[in-house]
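Where a number appears in this text, it was derived from the coordinates with a stated rule and is not lab data. Quick caveat: nothing in here was measured; it's all calculated off a predicted structure. Note that we place each Cβ from the backbone using ideal geometry, even for glycine, and neighbour counts take in every protein chain shown.
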Amino acid sequence: MDKPDLVYIAFIATDVEKLWRLLTSEADSPFWFFGCRIEIGGAAGGPYRVLGPDGALAVDGEILAIEPPHRLRILWRMPGNPLGEGRQNEIQYRIEPATEGVVKLSVSEFHHLPVPDAWQEAGREGWSKILSALKTLCETGRPLPLAMGEQP
């Protein structure tokens, strides 16, 4: 599973350490992840959980690899997934210097099973919003007021 199924890229006027802090900070996650709080354990094998604005568990995952401040790879499981319980994907965040004062953020999805087109399209829109929100927060210090789209 070395070749990702989908890749999203953003170039952000910031430094690697600042983007890593935002990406891994529970306190900052609601500002770029649709009001959700992300809880990240500190090491491989640790938990990766996304709690919705209402506190409900949206993602119950696991850290597969963590290499601060450059790489975070997680197992992404959605409890009650309408596509079937037990479905899981892997998501990898990679942060690299691009040019002076600019970093490249790549988000890659690795699917364990086929994903319907409507779900992939919703995912593309969602990740585009997430990357835009991270970019805005890094560059301006203010959140981007975007709502999460509906699931198909």
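Some notes on this structure:
- Within the range 23-122, GluC sites (Glu not before Pro) in DSSP loop having at most 16 other beta-carbon neighbours inside 10 Å: GLU26, GLU85, GLU100
- Mean separation of Cα contacts under 8 Å, 6 or more apart, over the residue count of the range 1-81: relative contact order %: 18
- In order along the range 65-71, the phi-based Karplus estimate (6.51 cos²θ - 1.76 cosθ + 1.60, θ = phi - 60°) of 3J(HN,Hα) comes to 8, 9, 9, x, x, 10, 8 Hz; Gly and Pro are listed as x.
- In order along the range 39-54, the phi-based Karplus estimate (6.51 cos²θ - 1.76 cosθ + 1.60, θ = phi - 60°) of 3J(HN,Hα) comes to 9, 10, x, x, 8, 4, x, x, x, 9, 10, 10, 10, x, x, 8 Hz; Gly and Pro are listed as x.
- The chain: relative contact order as a whole-number percent, Cα under 8 Å and 6+ apart: 27
- Over the chain, the reciprocal of the mean inverse Cα-Cα separation, the Kirkwood hydrodynamic radius, stands at 15.7 Å.
- Helical mean residue ellipticity (222 nm; -39500 (n - 2.57) per DSSP H run of 4+; nearest 500) of the chain: -7000 deg cm²/dmol
- Scalar couplings 3J(HN,Hα) for the range 103-112, obtained by applying the Karplus form with A = 6.51, B = -1.76, C = 1.60 to θ = phi - 60°, are 10, 10, 10, 10, 10, 10, 10, 10, 8, 7 Hz; x denotes Gly and Pro.
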